[in-house]
1. Based on the Cβ-Cβ distance from residue A:636 to residue A:603, what FRET efficiency comes out when R0 is 35 Å, to the nearest 0.05?
2. Could you state the number of Å between the C-alpha centres of region A:428-464 and region A:282-347?
3. What is the diffusion coefficient of region A:381-440 in µm²/s, taking the Kirkwood radius over Cα pairs and the Stokes-Einstein relation at 37 °C with a viscosity of 0.692 mPa s?
4. Rounded to the nearest whole Å³, what is the per residue volume of the convex hull around the Cα atoms of region A:8-94?
5. How long is the gain from residue A:89 to residue A:755 if the chain were fully straight, where each residue apart is worth 0.36 nm and the alpha carbon distance is subtracted?
6. What order do you get for A:6-18, A:93-105, A:686-698, B:71-83 when each peptide is scored by the mean count of other beta carbon atoms within 10 Å, highest first?
7. Sort out for me the Cα centre separation of region A:217-279 from region A:18-81, rounded to whole Å.
8. Once the convex hull of the alpha carbons of chain A is built, what does its volume come to per residue, in cubic angstrom?
């Protein structure tokens, strides 16, 4: 070989080496840049908010106190919904309860909410029938005058991913859970650098020997990389990318940090359409407890689920789950993290799960109503990702009772009047209920329709229906400055000319009474007397009253207005009646109480807000007259339905039986029931027959809200004896039917009954004799 | 019966003018009472104080009802929160107290106090007014309510 050729080959080699070196350098540079880019992305992803946490909506707390009446079935269901589970022994852990005779031993959950915080403890609740006899701390036997149960989760604002997650820090995770997860997924986690060559070789050997893909060599870091940044494709480039990302993660973060992210990220199964993610949520979903309270076998069960959560789920196949759990326990033993004795004991133990409740939307109409308010405060993205806690006024026991009462009531109607039964969901007989606390304005329950899945139209807040006789109390209230409950009205047929057209109202039934008092007109819901009153006080005055009661629908000064021939929104009607039940104060209807962030910091707070509308004395007179509706009037059938305590209320039926209403209240609670068809078809039934039984059914099932107290008589009320025929002060021993009546002090009757003054000539003699006797 | 016996005894003695007129008057009044109609009560207001010891038991007692006792527990919590200057928390607790027993006037008094702390004149006035309705039979509370009203009036608009 000539020197020239040798030199040429050397030059070629040198050139090749240069190219190779350049290519290698370029590759390194590209890899470096790529890694730089990836590390930027990883850092950005991990240092910013890692997960979207849906905001949770909670009901109000439940208050228990000695002497309180309870619906035991509803209370037991409440405990179940709060995640308490019955155990056959004395409760040892939070969330357990035992029933023994008349006693309920309950290990309370922790309670943490704005302005209310306590640790869970064991409490003994003793019952006498359906009444709480005593509440005692089980450890000290100290009586508890008032016990608060935590609010119930009623809804989550999910984003598109519909993930549910309860974040935990690595310090909260018990060591046995960490050991179990590592044993099941990556036992050399603390010894590798993101990729485990030994693990890959072992997996390769196992798969080769078994002739199938049985074992993966992915480390926890690789699983995390895959979950966070990659797809589930099984391609070489994706695998390479996964490895690079894993190496970068390991370079950027400490092992404990990586493990914490992994434990919060990992998928643990499905509850309907909602995925359960992270050990914090999984321990609640499968065992009804927080992660720090998981036992070793429960920890092993959870770790076993990671490989295929829905396949190994104890809710799907308990035996398969148990086998998988035992495999994890054995792996823990093999790694030296579990003694032989403990292993032998643990593998004998069954898998005990807590059971779960669906994450379905409870009280859907209420939630829709609430969401409208929340959307004005927060974006959809915030609600679905920031993990806010939203506290509401909803009482889930009242809500359940209302839903059940409506369903039962409508079924009953369809059975008794078969023509009401329609098959098409949009044409079915409908109903609506709203339950409020009149004094605070809290909305305790809202049922906007018969079936939310069939119709999301919320009749409580969206429907516009004629109130019929339910409007009459506002006519009577308008008249109280000039008229008294004893004042007389004409109950005889009359014609009224409106815009050149004659209108001739009629009573619901033919009655013989030609002249009736305001009280009688209201309690018997006489149309003729009501129109007579309306004409005497003036329609404009009634329109003004209606406006002051915050009816937002257009109200025109037609005489038929007095009979409720205009449209109202049911919630506004319920609110307006609250004025009578709240000593003349108009409450603002409250559904949202507080919003807190993840750290419990209050972001929004709503207090009860009242506005003075009528005097307490007027409200008291209205309550008294509306009580007569129940005791002697159109709603007297309420006692037959088992309602005996003092209640005020009003029935309502519109023309051609299009709407049936009943609104009843006590000082503590007010409920409005509406029944009708959306298209205005006749329901062939009155408020007393269609809506009242639903109201009665509802009230019987929520005895905790019925105090059997009546309203305190406010200042400004005087009681007098009047003649029921003239409505004026009764002539002693003269008037045949004197009655006790209440009056506003500024509107007392001053004249004596002229009808019976002359009938008894002895009256004067009696009076003189009495005076003589006094002097004597 | 007693009256008849008395009459018999008196008849044995010589009647004087005074006894004759007395007898006439008593006899006349008795005859009038027999003719009197009974007064029916339509609007008899139920007792202002919860009369039952055990809810719905129908037993009358001067003891406060369990509902009142439970409410009072919260009233006390609300009062303590107010003392600590935590008006919003106090309002929240007092709202619960009202929802348990809406006839407990002290809750309205402390609600007025909380709104007074928050310098919300309108709400303070409303609750003061309601407190007055429920506590007007208690002279001590009534004077506190009047003093509170003065403090509310003194608030700037």
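Any read-out appearing in this document is the output of simple, stated calculations on the displayed coordinates, not a laboratory observation. What you see is a predicted model, and the numbers here were worked out from it, not measured in a lab. Ideal geometry is used to build each Cβ from the backbone, glycine not excepted, and the neighbour counts take in all protein chains shown.
1. 0.10
2. A separation of 45 Å, based on Cα centres.
3. After rounding, the answer is 222 µm²/s.
4. 230
5. 232.1 nm
6. In descending order of packing, they fall as A:686-698, B:71-83, A:93-105, A:6-18.
7. 13
8. Spread over its residues, the Cα hull of chain A gives 251 Å³ apiece.
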